[in-house]
1. Right, Lys234: more than 21 Å from Glu135 (Cα to Cα), of a type in the set (Lys, Arg) and modelled with pLDDT of 95 or more or not?
2. Could you check the range 131-240 for helices (runs of 4 or more DSSP H) lying wholly inside it with 2 or more residues that are crowded, with 22+ Cβ neighbours inside 10 Å?
3. Within the range 252-274, which residues are of a type outside the set (Asp, Glu), more than 18 Å from the chain's Cα centre (by Cα) and surrounded by fewer than 19 Cβ atoms within 10 Å (Cβ to Cβ)?
4. Which helices (runs of 4 or more DSSP H) sit wholly inside the range 284-387 and have at least 2 residues that are charged (D, E, K, R) and more than 22 Å from Gly207 (Cα to Cα)?
5. What number of residues in the range 337-369 are over 28 Å from Ala54 (Cβ atoms) and touching a strand residue (DSSP E or B) at 6+ places or on another chain (Cβ under 7 Å)?
6. Given the criterion at pLDDT below 80 and either part of a loop (DSSP other than H, G, I, E, B) or crowded, with 18+ Cβ neighbours inside 10 Å (or both), identify the matching residue among Ala78, Ala114.
7. When you go through (1) touching a Ser or Thr at 6+ places or on another chain (Cβ under 6 Å); (2) more than 20 Å from Phe44 (Cα to Cα) one by one for Ala300, which number turns out not to apply?
8. Return yes when Tyr241 is hydroxyl-bearing (Ser, Thr, Tyr) and within 18 Å of the chain's Cα centre (by Cα) and no when it is not.
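The values are calculated or read from the model by the stated rules, or taken from the named source; none is laboratory data. This structure is a prediction, so every number in the text was calculated from the model and none was measured. Quick reminder, even Gly has a Cβ in these numbers, built from the backbone with ideal geometry, and neighbours come from all protein chains shown.
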Amino acid sequence: MFQQLRENTFSKNLYLRSNQKPRILVISMRGFRFEAYRSAEYEFEDTLCTFDYADIFTPVLASDACTKLNKKLLNYAATAFDQGKLYRSGCIPSIVDKEYDLLFFICQQFWDIACLNSIKGWREKCRKAVLWIDEIWKKEIGEQKTRLCLKLAKDFDYIYTTQSSSVHAIANVVQRPCFSLPYAVDTIKFCPYPQPPERCIDIYSIGRRSPIVHKALLEVAEQKNLLYLFDSLKGLQMMNYKQHRTLYSNLVKRSRYFIANKAKFDAIDQTGGQDELGSRFFEGAAGGAVMIGTPPVCEAYTTYFNWSDAVIEIPYDATNVADIITEFDAQPDYLNKIRQDNVINSLLRHDWVYRWEKILEKVGLESTPEMLSRKAHLANLADKIKK
């Protein structure tokens, strides 16, 4: 079955410039995972391809009943016999038949790692391999499924995670070097300059929210005829990742205030009370909105958002959010300074190119000319905003 299917079931998109041979292999879940919260990772993959030489491999999910049954049986056996190598994601078997300097795999959830069991030859064909796990909580790492999936990462040279407090727990399971790597954003896409649009959205809230703050914002929006934009439907599926990301960036750029809270602030049963820095902070800042919310109490936040008023901090149960907004609205010059500081710091510190640069340094690969050009463009744009 593997020999029959491998040649035509592995989606490959080639990104080449200046006749450069691709040196990076990116494994992307975009072929069958369409949750909106994965959009930041897909943006990273695509942005990476604009300043490095990469192939994107997109595994394909099998739809036949035999494969689905096989997946259930093997996953049951993996748990019963404590063997992570048996886990299956349901993808059609594929093979890596070209050589690369580096394999890069972003896993939004730890169980995405099981996708590797359907891809043959990836370790032999890639000189170095880096895994980036987005969301993984210390509380979860002691669970059997988490531990078994993490053991699949033993073949990677380096592991990164956005969850800074989980680094040591991951390293203890995998026995590989593990580091914290925060989110970033395509700051050029999110930047409201050089032609700032009108900020016609008064308050923008996306994703999880405090019901208390939400109620207060609904009331002030009604009383003062403000546009409070928030999620009103259930469902997390994107029809088109790129269109979703474009719409989202355009909304942030047109928002005066943006609600940003620590990651999964309302899911303590999952996080165990662990404070982490989510993507909202990077997106809100890059779009030049004034961020309001409850930031995490962690080293990552104090390190990466250490400028004045990066976030206007309010408690989870703040009923006086209307008074806070009114107070800031009375200081337009101060608001403009906050917005400019957010955009400038994002351009100089929180673009995806800086995160990729860190990874390349670790694996011993040189930055590309396109990376240097992008950094110069970001610095030039920041300088123009300062003036």
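1. no
2. Result: 144-151, 187-190, 211-224.
3. Ala267, Ile268, Gln270, Gly272, Gly273
4. 321-329, 332-349, 352-363, 369-386
5. Residues in the range 337-369 being over 28 Å from Ala54 (Cβ atoms) and touching a strand residue (DSSP E or B) at 6+ places or on another chain (Cβ under 7 Å): 2 in total.
6. Just one listed residue meets the conditions, Ala78.
7. Here Ala300 meets the rest and fails (2).
8. yes
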